[in-house]
Ligand code: SIN
């Protein structure tokens, strides 16, 4: 059934799960009050780009729950996929993006982003971003799913680090932008159907209400809900979940992308081993040294990411192994330390010498394709609320993201989003939201769960997400996940909010959304694979949209 709300009984069980609502209109007595034109939550490439764009029109307040530089962007290695100005190159990039997205990408968005990519990168270079060059030209490498070499990189495999530092320097030098670090957003504020800012924790004991004419969610990804991830463990879908609670529509939450090659040395989060290694000729082999990717795809090691990840899992199941290996022993001495200095350093730091030894790798949760459903300007379905970057769902990535398209999407669309949010904030038609006088309407909570219980539940949810809604799913597994979510919701329903509980609550809701959408999509497409429905079903060639109706999670197929 493709139209209207889901009526499947198992889904309705989940839909009945209570979701606490966002804070409405009034605020607790004694809470600090802060005012701004545009509030940006998150400081990756999306948050910082949006803040810089918005600051040309009004006052911008940026908040992040850790240090400013501690975002997912920082860990991006491979780079930014950017075509040259040549129209044939632009066309090829559009085609690759659409092919990898398995029929679900939004053609208009894909074209919009890729056609603007060369100019966006030029702007970044004028801001001081030092991409690697060869003979004076920008150096371009290849990654999985790309038909050409088009991935720009910086300091070898430190692209995200360089990018974050470049943008942060500008943010610090912009008087219109104020940054508050270690500020955890708990919930969005809404009034008369409009987002009016957020309730935040300035530290462990002090709360504040930030009143904003417009709010931008740029909180990044969801990897932290899975047992194995390349994301910082703070990637707990905070913004996505807050947007859901506030009344916004989310889309494509079943599409969680797993990176095929995270370093398997017992560290969490798992260090990324960039796809660019395979782009430069690294071979994927099993424990016996056999290259296996040609058994799965004609592009071998450079097949799209979902194909490589599932191939590795299949190999591991067959061999009952923990990991496969990257073999770079055929590279000239010093190539790895020069081209991939960070991966090399991490390997050496963990006792592996890639010049002489195989590098142990396995898949890990990497990128959430779904998020707050937005238009090209980053506008969500809730007035006053915008989103960009990984927390948003523009339709660019469809059912499977092309490697290194995420930084590109954020670079191009976060700027558009920042401008749109600021222009709306400054328009005469949008008066500043008032601080209400008194009274609390956020749900009162008492405490009955200590840190041990919170940590234990977090671990259980991460393990179950990995097992049941990870790379290979089934109806039975999804139901088991949903049962655990219900247990967790009951066990934690009366606890006192603190940072770790807020994150846990967000993890649980994110897991519920993934399970809900994964149950609805009874086919396999892109990164969503169901062993009980292994074929694609073009009757389901639509996005799944989620929202809360009377506090219950509800799903619809997009029209
Ligand atoms: C990588 O370097 O392999 C990550 C690039 C990406 O996630 O797009």
Out of 145, 135, report the one residue that is within 12 Å of the ligand (Cβ to nearest atom), more than 14 Å from residue 77 (Cα to Cα) and modelled with pLDDT under 95. 145
With (1) surrounded by 15 or more Cβ atoms within 10 Å (Cβ to Cβ); (2) at negative phi as the list, and residue 549 as the residue in question, which single condition is left unmet? (1)
Take the residues in the range 50-98 that are within 16 Å of the ligand (Cβ to nearest atom) and over 20 Å from residue 396 (Cβ atoms), then tell me which one is surrounded by the fewest Cβ atoms within 10 Å (Cβ to Cβ). 74
Give the number of residues within the range 225-270 that are at negative phi and assigned to a loop (DSSP other than H, G, I, E, B). 21
All but one of (1) free of Cβ contacts under 8 Å to residues at least 60 places away in the same chain; (2) outside any helix (DSSP H, G or I); (3) under 24 Å from the mean Cα position of the chain (by Cα) hold for residue 147; which doesn't? (3)
Which residue out of 174, 196 is away from the ligand (no atom under 14 Å from the Cβ), part of a strand (DSSP E or B) and closer than 25 Å to residue 431 by Cα? 196
Set 298, 309: member being over 27 Å from the mean Cα position of the chain (by Cα) and either within 16 Å of the ligand (Cβ to nearest atom) or without any contact (Cβ under 8 Å) to a residue 24 or more places away in the chain (or both): 298
Mind checking whether some residue in the range 334-347 is modelled with pLDDT under 95, assigned to a loop (DSSP other than H, G, I, E, B) and surrounded by fewer than 22 Cβ atoms within 10 Å (Cβ to Cβ)? yes
Among the residues that make up the range 280-291, is at least one of them within 16 Å of the ligand (Cβ to nearest atom), at pLDDT below 95 and on the phi < 0 side of the Ramachandran plot? yes
Return the pair list, or none, for Cβ contacts closer than 6 Å from residues in the range 262-277 that are more than 12 Å from residue 322 (Cβ to Cβ) and touching a residue at least 24 places away in the same chain (Cβ under 8 Å) to residues that are in a helix (DSSP H, G or I) and more than 12 Å from the ligand (Cβ to nearest atom), at least 6 apart or on different chains. 271/346
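The values are calculated or read from the model by the stated rules, or taken from the named source; none is laboratory data. No experiment lies behind these values; they were computed from the predicted model shown. A quick note on method: Cβ atoms are made from the backbone with ideal geometry, for glycine too, and the neighbour counts reach across all protein chains shown.
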